[in-house]
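Novice: Okay, handing you the structure first.
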Amino acid sequence: MESQIIRPGYLTAHQTARLLGISLAGVRQLVRRGQLQRSGGTDRQPWYAARDVAALAADRCARAAA
C-alpha cells in the first residue's frame, strides 16, 4: 500500500525493496537478520530510515563490485 503519508527521511517497505532491487520478502529477511531496522510506521506497514537504506545499498554495491 503506497497511499500512506510518510514523514520525510523515511521509506516504505515497497520503496525500500525497489531501491535495493529485492522483493518485500527480501526486506523482511534483512530485518530478521538484523541488517536493517524498522524506524516507524506500523507492524503491517513499517518505515525504514532513508539513510539506513542508502548505507545498505552502498554496502551491497561495494560488495558486488569487489
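The values are calculated or read from the model by the stated rules, or taken from the named source; none is laboratory data. The model shown is predicted, which means the values in this text are computed figures rather than measured ones. When we count neighbours, we look across all protein chains shown, and the Cβ atoms used for this are built from the backbone with ideal geometry, even at glycine. Please note that ligands, DNA and RNA were not included when accessible areas were found on the heavy atoms of the full protein model with its side chains. Shrake-Rupley method; radii C 1.70, N 1.55, O 1.52, S 1.80 Å.
Novice: List pairs: first residue in region 55-66 and within 24 Å of TYR10 (Cα to Cα), second residue among the hydrophobic types (A, V, I, L, M, F, W, C) and open to solvent by less than 90 Å² (accessible area, probe 1.4 Å) anywhere in the structure, Cβ distance under 8 angstrom, at least six positions apart or on different chains.
Specialist: Close Cβ pairs (under 8 Å, with a partner that is among the hydrophobic types (A, V, I, L, M, F, W, C) and open to solvent by less than 90 Å² (accessible area, probe 1.4 Å)) amount to LEU56/LEU20; LEU56/LEU30; LEU56/LEU36; ALA57/LEU20; ARG60/LEU20.
Novice: Please determine whether any residue of region 53-60 is of a type outside the set (S, T, N, Q) and not in a helix (DSSP H, G or I). Reasoning before the result, please.
Specialist: To start, the set of residues in region 53-60 that are of a type outside the set (S, T, N, Q) comprises 53-60.
Now restrict to residues that are not in a helix (DSSP H, G or I): none.
Looking through region 53-60, none of the residues is of a type outside the set (S, T, N, Q) and not in a helix (DSSP H, G or I).
Novice: While we're here: Show the residue pairs meeting these rules: Cβ distance below 9 Å; 6+ apart or different chains; first residue within region 33-44 and within 16 Å of GLN15 (Cα to Cα) and of a type in the set (S, T, N, Q); second residue open to solvent by 100 Å² or more (accessible area, probe 1.4 Å) and at pLDDT below 95.
Specialist: From residues that are within 16 Å of GLN15 (Cα to Cα) and of a type in the set (S, T, N, Q), there are no pairs.
Rundown of residues vs (1) in contact with a strand residue (DSSP E or B) (Cβ under 8 Å, 6 or more places away or on another chain); (2) open to solvent by less than 60 Å² (accessible area, probe 1.4 Å); (3) modelled with pLDDT of 95 or more; (4) among the basic types (Lys, Arg), yes/no style:
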| site | (1), (2), (3), (4) |
| --- | --- |
| ILE6 | yes, yes, no, no |
| ARG18 | no, no, yes, yes |
| GLY26 | no, yes, yes, no |
| VAL31 | yes, yes, yes, no |
| GLY41 | yes, yes, no, no |
| TYR48 | yes, yes, yes, no |
| ARG63 | no, no, no, yes |
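Novice: Filter region 50-61 down to the residues that are more than 16 Å from ILE6 (Cβ to Cβ) and either among the charged types (D, E, K, R) or surrounded by 14 or more Cβ atoms within 10 Å (Cβ to Cβ) (or both) and list them by number.
Specialist: The answer is LEU56, ALA57, ASP59, ARG60.
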